[in-house]
2 protein chains.
Amino acid sequence: MKGKLIGIGVGPGDPELMTLKAVRAIEQADVIAVPVKCQGEKSVAFEIVKGACSIKDQTILPVIFSMSREKQERIQSRKEAVAAVKKELEQGHQVAMIALGDIGIYSTFMYVKKELEKEFSTEMIPGIPSFCAGASKALISIVEGRESFVVMPSYKNASQLGQALEQYHTVIVMKAGRKINEIYKILKEKGYLGSTSVIANCGMPSEYIGRILPEQEYGYFTTLIIKQPEKMEIR
Amino acid sequence: MKGKLIGIGVGPGDPELMTLKAVRAIEQADVIAVPVKCQGEKSVAFEIVKGACSIKDQTILPVIFSMSREKQERIQSRKEAVAAVKKELEQGHQVAMIALGDIGIYSTFMYVKKELEKEFSTEMIPGIPSFCAGASKALISIVEGRESFVVMPSYKNASQLGQALEQYHTVIVMKAGRKINEIYKILKEKGYLGSTSVIANCGMPSEYIGRILPEQEYGYFTTLIIKQPEKMEIR
């Protein structure tokens, strides 16, 4: 019998924000596939899993998704990751592949799924996206009533951000850390400073939740939730 | 001692998609505040809770959020809801107010929070948004790599939808049921039919997950996930 491939979102960091379904699926799996950027890297997602799940006989299978600048290297590492997962599935094993946040939002699982879903039974278990957890931590809503929102993976340029701010009630910028000073200037100019929440390093010792401040560094995992200024909910 | 107000997202329908944190907070609460549209209405959110939590001594407090066309009636019902929750908090009770999906996305909790957060300690526990669960059920990603997405609460008009489709990789339209035939025409004209997934009545016996079909009725709780046509992931 062929194995089953299950992609599982483990949420943003707090093991208690895993779903009952994710915990059950991981505890019942034969293999836990853990995506890492390089050999030997510690996985944040797997730390979350260990905080909520009873890990007994499951095989832990690190799968490398290279972030190398060399495209060939990235492609090669994906191929090897797919092959490693496939080998387990062919042996009839249930493989639970984990990912931070939700499984459908920027997750490496999709590469593996695309290659294997025709051959093997596949399931996806959603998880809490980091921006939902961030809004809850900041005690703000993302949207209310008839509002719409945009989520972007990072900051690209002033015109892209400006357009989104003009057209939508809430704009969420993920991985905003590196460009935060550039973004700060735009928000100041347009009058959004008072309605912007920063959620940086959520759940880690260096966590910061509050207003956006000038000339600060917030780290790579920084999410901005920018709301229309008339909705001054910020604390 | 004053009580604590906790807003809790219970996810999209499957009790197993509740988080460990939500289950614990509800089981430890003194009062479960259950928003309903009118007296005696059954709450979908509370049915989910009963499917995952052990409900023992908690007081169940239905709070009415009228959807009446009369603005005065809506305002009056909100005031009464806030007063009912406040009364419990003043008695030192922990009040867990539940909501479908995530607590920060279109939830009635925000009305209550705005009125009471200055006086009482407040917490928000995020939940799985329905669109994340929908994408997982349809076995598709919402976004990958450097893509951005938009979430809108319903269909407004052709120009709003058209603009979003032009500017973003993925457009999610919630509560699309009533306008589905109008949306179908636009998607057909613009060539998006093959890359649109319908998730209707997710988790209910009348659940439908698949392509968008002409002249069908899908019910009020219908979510559309519309992706750029080159990303033909649809099954």
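At-a-glance table
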read-out	value
Å² per residue, accessible surface of the protein assembly as shown at 1.4 Å	46 Å²
Trypsin sites (Lys or Arg not before Pro) restricted to DSSP loop in segment B:93-152 with at most 10 other C-beta within 10 Å	B:Lys118
Dipole magnitude (debye, nearest 20) for chain A, charges at Cβ of Lys, Arg, Asp, Glu	400 debye
Residues in segment B:3-17 that, when all protein chains are in place, have 40 Å² or more less accessible area than the chain alone would give (probe 1.4 Å)	B:Glu16, B:Leu17
DSSP-loop GluC sites (Glu not before Pro) across segment B:86-192, with at most 13 other Cβ within 10 angstrom	B:Glu119
For segment A:8-121, size of Cβ-based charge dipole, Lys and Arg +1, Asp and Glu -1, in debye	320 debye
Gyration tensor verdict on segment B:52-111 (Cα atoms; rounded if a/c is under 1.5, prolate if a/b is larger than b/c, oblate otherwise)	oblate
Accessible-area composition of the protein assembly as shown, carbon plus sulfur, in percent [1.4 Å probe]	49 percent
Teacher prompt: A:Ile75 distances to equivalent labels in other copies, 7 Å Cα→Cβ, nm	6.4
Cross-link pairs beyond the 26 Å C-alpha cut-off, checked among A:Lys87/B:Lys227; A:Lys56/A:Lys175; B:Lys21/B:Lys50; A:Lys190/B:Lys113; A:Lys2/B:Lys21; A:Lys175/B:Lys118	A:Lys87/B:Lys227; A:Lys56/A:Lys175; A:Lys190/B:Lys113; A:Lys2/B:Lys21; A:Lys175/B:Lys118
Prolate/oblate/rounded call for segment A:1-98, Cα gyration tensor, a/c under 1.5 rounded	oblate
For segment B:145-194, residues shielded by at least 40 square angstrom of accessible area compared with the chain on its own, probe 1.4 Å	B:Arg146, B:Ser148, B:Phe149, B:Val151, B:Pro153, B:Gln167, B:Tyr168
Size of electric dipole in segment B:130-227: Cβ of Lys, Arg +1 and of Asp, Glu -1, about Cα centre, debye, nearest 20	100 debye
Two-decimal Rg to Rh for the protein assembly as shown - Kirkwood Rh, Cα set	0.95
10 Å Cβ neighbours from other chains, averaged over peptide A:109-118	2
Theoretical FRET efficiency, 1/(1+(r/R0)^6), r = Cβ-Cβ of A:Met204 and B:Arg24, R0 22 Å, to 0.05	0.50
Loop-located trypsin sites (Lys or Arg not before Pro) in segment A:44-90, at most 13 other Cβ atoms within 10 Å (DSSP)	A:Lys56, A:Arg69
Interface burial for B against A (accessible surface, 1.4 Å probe, total of both chains, Å², rounded to 100)	4500 Å²
Hydrodynamic radius by Kirkwood, which averages 1/r over all alpha carbon pairs of chain B, in angstrom	19.0 Å
FRET E, pair B:Arg74, A:Gln72, Förster distance 45 Å, beta-carbon r, rounded to 0.05	0.15
Computed helical MRE - 222 nm, the protein assembly as shown, DSSP H runs ≥ 4 contributing -39500 (n - 2.57), nearest 500	-9500 deg cm²/dmol
Dmax and Rg, reported as Rg then Dmax, of segment B:130-227 (C-alpha, Å)	12.2, 36
Overall form of segment A:10-66 per C-alpha gyration tensor (a/c, 1.5; a/b vs b/c)	oblate
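The values are calculated or read from the model by the stated rules, or taken from the named source; none is laboratory data. This structure is a prediction, so every number in the text was calculated from the model and none was measured. Using ideal geometry, Cβ is built from the backbone for each residue, glycine included, and neighbour counts are taken over all protein chains shown. Surface areas here come from the heavy atoms of the whole protein model, side chains and all, with no ligands, DNA or RNA. Shrake-Rupley method; radii C 1.70, N 1.55, O 1.52, S 1.80 Å.
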